[in-house]
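The values are calculated or read from the model by the stated rules, or taken from the named source; none is laboratory data. Every value quoted in this text rests on a predicted model; they were computed, and no experiment measured them. We place every Cβ from the backbone using ideal geometry, glycine too, and count neighbours over all the protein chains shown.
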């Protein structure tokens, strides 16, 4: 157990039996009242925001979280199987930890996963990925209006919007957070 004064933004705490990530932790000394810490924390599993006031001498449990790079191997139902690049040990990580970016994962990509005592609590895909277009409609000649987009399917099976000049077989860069086309990648 640690004192509230030892907590910093970015720490993971075990708060009311749940793991929470500290987003903001501010020391406040209002006039002639006792000092306290105002905390804004986000539940790691549900994403719900929690606000709480800690007394300066209040005991808190700072969770020991290990974050590391892993290689995504394959999809296994509700889980992704990842491998530690150093020990070759494999782990099952729930897909929901990756959020919407999970649909852009391709075998062999590096991902970041945080574990708290052998339980995966957070996962993050790369901020952008390079994928090959497997299907798209050919562009209509003369349809060159500014910012015109068409549907295209990438190698992971996800449909995205791309500019008219993109063809099947082209490699494109995609933002995994928004799912938006970024640029064409030159081979």
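The table below lists the values:
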read-out	value
Residue in segment 146-158 that is assigned to a loop (DSSP other than H, G, I, E, B), loosely packed, with under 13 Cβ neighbours inside 10 Å and out of contact with any strand residue (DSSP E or B) (no Cβ under 9 Å at 6 or more places or on another chain) present	yes
Of residues in segment 113-140 being in a loop (DSSP other than H, G, I, E, B) and within 9 Å of the chain's Cα centre (by Cα), the one surrounded by the fewest Cβ atoms within 10 Å (Cβ to Cβ)	127
Tabulated pairs, segment 118-129, first closer than 21 Å to residue 89 by Cβ, second loosely packed, with under 15 Cβ neighbours inside 10 Å, C-beta under 6 angstrom, 6+ apart or interchain	124/112
Lone qualifier among 44, 81, 50 - being in contact (Cβ under 8 Å) with a residue 24 or more places away in the chain, within 28 Å of residue 174 (Cα to Cα) and outside the structural domain of residue 158 (by TED's automatic domain parsing)	44
Top-ranked residue in segment 1-22 [being without any contact (Cβ under 8 Å) to a residue 40 or more places away in the chain and surrounded by fewer than 14 Cβ atoms within 10 Å (Cβ to Cβ); ranked as farthest from residue 48 (Cα to Cα)]	8
Residue within segment 47-62 that is assigned to a strand (DSSP E or B), within 30 Å of residue 157 (Cβ to Cβ) and in contact with a helix residue (DSSP H, G or I) (Cβ under 9 Å, 6 or more places away or on another chain) present	no
Filtered residue count, segment 76-112, keeping only those that are loosely packed, with under 13 Cβ neighbours inside 10 Å and part of a loop (DSSP other than H, G, I, E, B)	9
